[in-house]
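Only one structure is covered here, and it is reproduced in the block below.
The values are calculated or read from the model by the stated rules, or taken from the named source; none is laboratory data. Since the model is a prediction, treat every value here as computed from it, not as a measurement. All Cβ positions, glycine included, derive from the backbone under ideal geometry; neighbour counts span all protein chains shown.
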Amino acid sequence: MDKRESARKTGREKIGRPASRRLVQLYAALLYNANLKGFMDGHIYSGGLKAVCVPGLNCYSCPGAVASCPLGALQNALNAAGHTAPWYVMGILALFGVVLGRTICGWICPLGLIQELLHKIPTPKIRKSNVTRKLSHLKYVILAVFVIAIPLIYGVGKGIILPGFCKYICPAGTLEGAVGILQNPANSSSFFQLKAVFTNKWVIMVVIGLACVFCYRSFCRFICPLGAIYGFFNRFALTGVKVNPDRCNGCGQCVVKCPMDVRHVGDHECISCGKCIGACAQGAISLQCGKLTLMGPEGGPNAGPEPAVRKRKKNGRIAWCIAIAVLVFAVGWFNLIEPALSKAQPFAAAVVTEHETEGDSALGFVLGTEPGNLAPDFATELLSGEKFQLSEHRGQVVVINFWAVTCAPCLEELPYYEQLKTAYPDVEILAVHHKAGANKAQDFLAGKGWDHLDFALDSKEKGILPLLNASDAMPQTIIINKQGVVTYNAQTPLTYDKLEELYKSALADNTGAPAEEKTETAKEAAAEPTGEPAAAAGKRGILGKRVYSVTVADQHESPVAGVILAFCTDTACRNSEPSDENGKVTMKLDPDKYHVQVVDLPDGFDGPENMDMYIGPEAGDATLTVIRR
Amino acid sequence: MTRKQSFLIVQSVLCALVAGLLAAAALSLYFEGAAKQAEGDLFYSMYTREKAADKLLPVIPLFLVSLGMTVGGLILGVRDENQDKPMRDEKLLRSLGNIRDRAVRQTAEPKELYLRVAVMSLAAVLIAAGIINGGLEDVFAKGAAICTECVGLG
């Protein structure tokens, strides 16, 4: 008995060469996510290739993704079907379907790879049965309801963007998109957005993951609407497993040993994984692309002519060499070459004047967009044709909102900004559209009647988003007080009540004002009946902040004035104002742990003894000791 | 019960525990946050990096044990042999009918080639029409910014 026969008897087929399929799956996952630097810097790739879809299910909001997800793109296209017919995405899906069919699922879908790796965990396994076969029809229901009906009904009927499958089910979006974004400390403020939708999707992802451990490709077999779409093309797809009618004896071993819910080789459930090739004693099955054999029986009487097998192996080696070269180029391009080219483009509108920088630095302010930072000045042209310069709005509370026509939460909250401007005419509101799809923004705004808002379009050249360090996650709102100091910056949709409270809070905030002005502002704030009272020490304020207090003293416990401290998290520091005559330094910060460092000491003092002083929400007033020489 | 069966069952329990804790972590953070917001704290953040880390901490030892067992199991070749056995669902087997006829009919269908060419041509026309009508830009616009509602952030 030869090795092949022995393997067949024990049911451990090796002839299907799962190892080479696994390599192709890994290769595809890496190629789809070649923007590896995205995982490091927390930003997604937003280059031109995002206009193209990859064949497999790979979330386009994954920091590594270099192209779009066909399923997400289809839902978006159906959402917008009222004004743009979804020809492009339908054409792309038809092309992928007719060329590759469900071979995509078996060979080049990153989620398929994850499911198969989970199934490798040694536990008792649930085998396919009549029940799993019936469950496999569920994906067609999900396709009809969540991918087609919900986006069409909400998009065309109500004008609301609602990608039903992405929003409520897709585990690829949760794993690659949400977890991919949240894992980076640079996106910590995205945590503020997490609510019921995330909780729901997280639980669904965990349940699907657990199901995949016990049941082979549970998501692929029972849920995936993309697989359902490609299944329609499987019967006549160019690539797929084919049966040689001269050899097949109808024993049915191919179906019996197939882990998917197929009725026959190559039907709509078949993912062309190739397990049946090894299971067929007749050597009747092979994986074909047109007339080209990609995988077939090797060795034994039914393997085909020896030169043909040798030629296939040689072609395979050549294909791998080309594929590796493509991957190396893609990784190099997306991580090294393209970033270097895009850096060469200047931000034409982003200017911070030297005078302001020097003056504000002298006051102890850091230029930036974190709360407590001085917002960098910039100028941009509004859609109305007028010019907007941030510094010209000193003395006004400025609200900057980042939005996009493709972002459903953005469109829900935009009317609140109009409402705020109507209720409080003194506020300046600038709504900046993301550079992607900016040409659609004007069409969208026509007839909305939002005349009180100033709209601007971002572009690669103007770069307001990168200047203000805005995320690609829309919507994001930055609120700047009358002195130009940022009081709020978060990526989360706001309700009108929240927006109004934030505005009032910024109005009452006197950070950055000279001492006499602060007194006046404090009086005004106290006189304002609807204004927020200043946060008391140790209590959380309106922005989720606490007032942290540190007393600077020397070794004799005498207070030391004029010491500037920095309150640092793992990612950023904020400088305080100099300590007062009682040695007090107070900072309004998020409830977090801070490492306190000395930035500047008066003459005659040395650094502190307790260099590694941490303060957290539970701590009371802390004392930092410096050494008087 | 053999050692192998015990191993597989312990691994199953570990997987279920890890999954249960992961789900419970998210649910508890959500319900805590919902309660705070119901009390009127509009700006209470349900999730923060620190809260998530605190909740996920108990999962780590279980996950590591499970991972170790998985690696050990793969090295030792411990697996559920039932998954390799041929399907025994008689009802399902009966429903298969004449596999050969169907598989061969599908493969040898002469209309297949025409259908393939027709769909390819249609796809090319649709893509061209989509590029002209702005569909390409729509895909780019959606893909170039983070789709918050798609990934569960919005």
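Here are a few things to note about the model shown:
- Screening A:K435 with (1) crowded, with 20+ Cβ neighbours inside 10 Å; (2) in contact (Cβ under 8 Å) with a residue 60 or more places away in the chain; (3) of a type outside the set (A, V, I, L, M, F, W, C); (4) out of contact with any Lys or Arg (no Cβ under 7 Å at 6 or more places or on another chain) gives one miss only, at (4).
- Of the helices (runs of 4 or more DSSP H) lying entirely inside the stretch A:24-138, those containing at least 1 residues that are farther than 26 Å from B:A16 by Cα are A:37-41, A:70-79, A:87-100, A:103-107.
- Qualifying residue in the stretch A:580-592 (condition: at pLDDT below 75, of a type in the set (S, T, N, Q) and either more than 36 Å from the chain's Cα centre (by Cα) or not assigned by TED's automatic domain parsing to the domain that holds A:K504 (or both)): no
- One residue stands out among those in the stretch A:392-430 that are assigned to a strand (DSSP E or B) and at pLDDT below 90: the one that is farthest from A:K448 (Cα to Cα), which is A:F402.
- In the set A:G159, A:G155, only one residue is at pLDDT below 95 and on the phi > 0 side of the Ramachandran plot; that residue is A:G159.
- Test set (1) outside the structural domain of A:L374 (by TED's automatic domain parsing); (2) at pLDDT 80 or above; (3) under 35 Å from the mean Cα position of the chain (by Cα) - A:A535 fails condition number: (2)
- Comparison of A:L138, A:L100, A:L57, A:L111 shows that the only residue that is more than 9 Å from every other protein chain (Cβ to nearest Cβ), surrounded by fewer than 24 Cβ atoms within 10 Å (Cβ to Cβ) and not β-branched (V, I, T) is A:L138.
- Residues of the stretch A:415-431 that turn out to be buried (at least 20 other Cβ atoms within 10 Å of the Cβ) and either closer than 16 Å to A:P493 by Cβ or in the same structural domain as A:I160 (by TED's automatic domain parsing) (or both), as a count: 4
- Candidates A:M260, A:M205, filtered to the one that is among the aliphatic types (A, V, I, L, M), more than 30 Å from B:E50 (Cβ to Cβ) and either within 11 Å of chain B (Cβ to nearest Cβ) or in a loop (DSSP other than H, G, I, E, B) (or both): A:M260
- A:V563 meets the conditions (1) at pLDDT 60 or above; (2) within 14 Å of chain B (Cβ to nearest Cβ) in every case but one. The failed one is (2).
- Breaking point among (1) at pLDDT 75 or above; (2) under 40 Å from the mean Cα position of the chain (by Cα); (3) not small (G, A, S), for A:D612: (1)
- Every residue from the stretch A:220-237 that is within 16 Å of A:G91 (Cα to Cα) and outside any helix (DSSP H, G or I): A:A237
- Each residue in the stretch A:186-202 was checked for being in contact with a helix residue (DSSP H, G or I) (Cβ under 7 Å, 6 or more places away or on another chain), at the interface with chain B (Cβ under 7 Å from one of its Cβ atoms) and either among the basic types (K, R) or touching a residue at least 60 places away in the same chain (Cβ under 8 Å) (or both), and 4 pass.
- Failed condition for A:I92, given (1) within 8 Å of chain B (Cβ to nearest Cβ); (2) buried (at least 22 other Cβ atoms within 10 Å of the Cβ); (3) at pLDDT below 95: (3)
- Just so you know, in the stretch B:47-63 the residues that are touching a helix residue (DSSP H, G or I) at 6+ places or on another chain (Cβ under 8 Å) and closer than 17 Å to A:P185 by Cα include one that is surrounded by the most Cβ atoms within 10 Å (Cβ to Cβ), and it is B:Y47.
- Residue in the stretch A:101-117 that is closer than 30 Å to B:T2 by Cβ and free of Cβ contacts under 8 Å to residues at least 40 places away in the same chain present: yes
- Residues satisfying the stated conditions in the stretch A:363-391, i.e. part of a strand (DSSP E or B) and in contact with a helix residue (DSSP H, G or I) (Cβ under 8 Å, 6 or more places away or on another chain): A:L367, A:L374, A:A379, A:T380
- Residue selected from the stretch A:232-248 under the condition more than 7 Å from every other protein chain (Cβ to nearest Cβ) and surrounded by fewer than 24 Cβ atoms within 10 Å (Cβ to Cβ), by the criterion nearest to A:I271 (Cα to Cα): A:T239
- Some residue of the stretch B:36-46 being in a helix (DSSP H, G or I) and at the interface with chain A (Cβ under 10 Å from one of its Cβ atoms): yes
- Qualifying residue in the stretch A:281-297 (condition: in contact (Cβ under 8 Å) with a residue 40 or more places away in the chain, in contact with a Cys (Cβ under 7 Å, 6 or more places away or on another chain), within 19 Å of A:S20 (Cβ to Cβ) and not in a loop (DSSP other than H, G, I, E, B)): yes
- Listed by first and then second residue, the pairs with beta-carbon distance under 8 Å, at least 6 apart or on different chains, first residue in the stretch B:130-154 and more than 7 Å from chain A (Cβ to nearest Cβ) and free of Cβ contacts under 8 Å to residues at least 60 places away in the same chain, second among the polar types (S, T, N, Q) and part of a helix (DSSP H, G or I), form an empty list.
- Within the stretch B:12-23, residues that are more than 8 Å from every other protein chain (Cβ to nearest Cβ) and crowded, with 19+ Cβ neighbours inside 10 Å reach partners that are part of a helix (DSSP H, G or I) and among the small types (G, A, S) with beta carbons closer than 8 Å, at six or more positions or on different chains, in the pairs B:L14/B:S66; B:V18/B:S66.
- Condition broken by A:G274, with the remaining ones in (1) more than 11 Å from every other protein chain (Cβ to nearest Cβ); (2) more than 30 Å from A:L138 (Cβ to Cβ) satisfied: (2)
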